[in-house]
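Here the structure is laid out as structure tokens; the discussion comes afterwards.
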Amino acid sequence: MSLADDIFISNMNDILGGGVWDTNLEVRPRWSDGAPAHTVKKFGIVNRYDLSKEFPILTIRRTAFRSCIDEILWIWQKKSNNIHDLHSHIWDQWADENGSIGKAYGYQLGVKHKYREGEFDQVDRVLYDLKHNPASRRILTNIYTFADLHEMNLYPCAYSMTFNVSGDTLNGILNQRSNDMLTANNWNVVQYAVLLMMFAQVSGLKAGELVHVIADAHVYDRHIPIVQEIIGMPRLPAPKIEIDPDIKDFYDFTVDSFRLVDYKCNTKKYDIPVAE
């Protein structure tokens, strides 16, 4: 059965069974009717996914694989902060009249910085080091730029990736300050698993472990009945992922470069409210 399912179910049982509620606190998020969107949470969840063994996508609930990849390419490859460059509508509520989400996400990855070897943005610096300095312990990105937070329509949730080469294997740590576990948890896992696989392939490496560190792992009050239904669904075998083996340049990947083989899952569509 899918390991991603096991991890997700364990996390949800942990949060719902022993989490801390914020109902006695003033909270920023609101539901569409204006009511405060309270959560129950666990602090400091750490999950490990061995990509050499299994692709970590849920089967107890369908994860929109192509939309996940489209967004991760929007951020990391296009380095865009404009929803007109994205094919889904997941960022619409945070965009201004011109489609911009401010100096957030892809914008930060595209800013060039000076190094001894020359000028690089954060993505190109990672790609350079994976090929030229694989023993480095400094291969990382960080988009939580304090000087620009006031110009971001949403502060970054998944804000840092650390890459580490062990032998011929590329591992990574995704740091996330906050995770809406129903709406975004497996979405983020799938995205950064694919990102790690892309970087590994173009660097002549194998994809190893993705470690996901979540500071505030929470479930919204109005999501609980949906979560309880989903974690009771039958678990199915994980699918295989196929990546076009001919791609050697990170900027040549497209959504069509990836395919899930034998992805069987719960196909029920859930009406999940999103707090703002």
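Per-structure values
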{"read-out": "Dipole-positive endmost among P156, S2, C265 within the chain (Cβ charges, Cα centre)", "value": "S2"}
{"read-out": "Shape of the chain, Cα gyration tensor, a/c cut at 1.5", "value": "oblate"}
{"read-out": "Heavy atoms of S166: accessible area, 1.4 Å probe, square angstrom to 10", "value": "60"}
{"read-out": "Cβ charges +1 (Lys, Arg) and -1 (Asp, Glu), total dipole of segment 1-137, debye", "value": "400"}
{"read-out": "Relative contact order (%) - criterion: Cα under 8 Å, at least six apart; region: the chain", "value": "27"}
{"read-out": "Span-rule helices in the chain, defined as complete DSSP H runs reaching 24 Å or more along the axis (Cα) with Kyte mean at least 0.5", "value": "185-202"}
{"read-out": "Rounded, prolate or oblate (a/c below 1.5 giving rounded, otherwise prolate when a/b exceeds b/c) for segment 125-276 by Cα gyration tensor", "value": "oblate"}
{"read-out": "Charge context of N133, other residues only, Cβ under 14 angstrom, K/R +1, D/E -1", "value": "+2"}
{"read-out": "Gyration tensor (alpha-carbon) shape descriptor, segment 33-164, a/c threshold 1.5", "value": "oblate"}
{"read-out": "Segment 237-276 - charge dipole about Cα centre, Lys and Arg +1 at Cβ, Asp and Glu -1, debye rounded to 20", "value": "360"}
{"read-out": "Cβ-based net charge around K53, under 15 Å, with every Lys or Arg adding one and every Asp or Glu removing one", "value": "-2"}
{"read-out": "By average C-beta atoms within 10 angstrom, highest first, the peptides 131-142, 77-88, 58-69", "value": "58-69, 77-88, 131-142"}
{"read-out": "Among G99, W76, L127 the positive-end extreme of the charge dipole of the chain (Cβ point charges)", "value": "L127"}
{"read-out": "Helix-only mean residue ellipticity at 222 nm for the chain, each DSSP H run of n ≥ 4 adding -39500 (n - 2.57), per residue, nearest 500", "value": "-7500 deg cm²/dmol"}
{"read-out": "Ratio of the Cα radius of gyration of segment 231-276 to 2.2 N^0.38 Å, where N counts its residues", "value": "1.70"}
{"read-out": "Gap separating the Cα centres of segment 1-38 and segment 100-137, nearest whole Å", "value": "34"}
{"read-out": "Contact order normalised by residue count of segment 1-98, Cα under 8 Å, 6+ apart, percent", "value": "24"}
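The values are calculated or read from the model by the stated rules, or taken from the named source; none is laboratory data. Here the structure is a predicted model, which is why all the values come from computation and not from measurement. Please note: Cβ atoms are built from the backbone with ideal geometry, for glycine as well, and neighbour counts cover all protein chains shown. Ligands, DNA and RNA are excluded from the accessible area calculation, which covers all protein heavy atoms including side chains. Shrake-Rupley method; radii C 1.70, N 1.55, O 1.52, S 1.80 Å.
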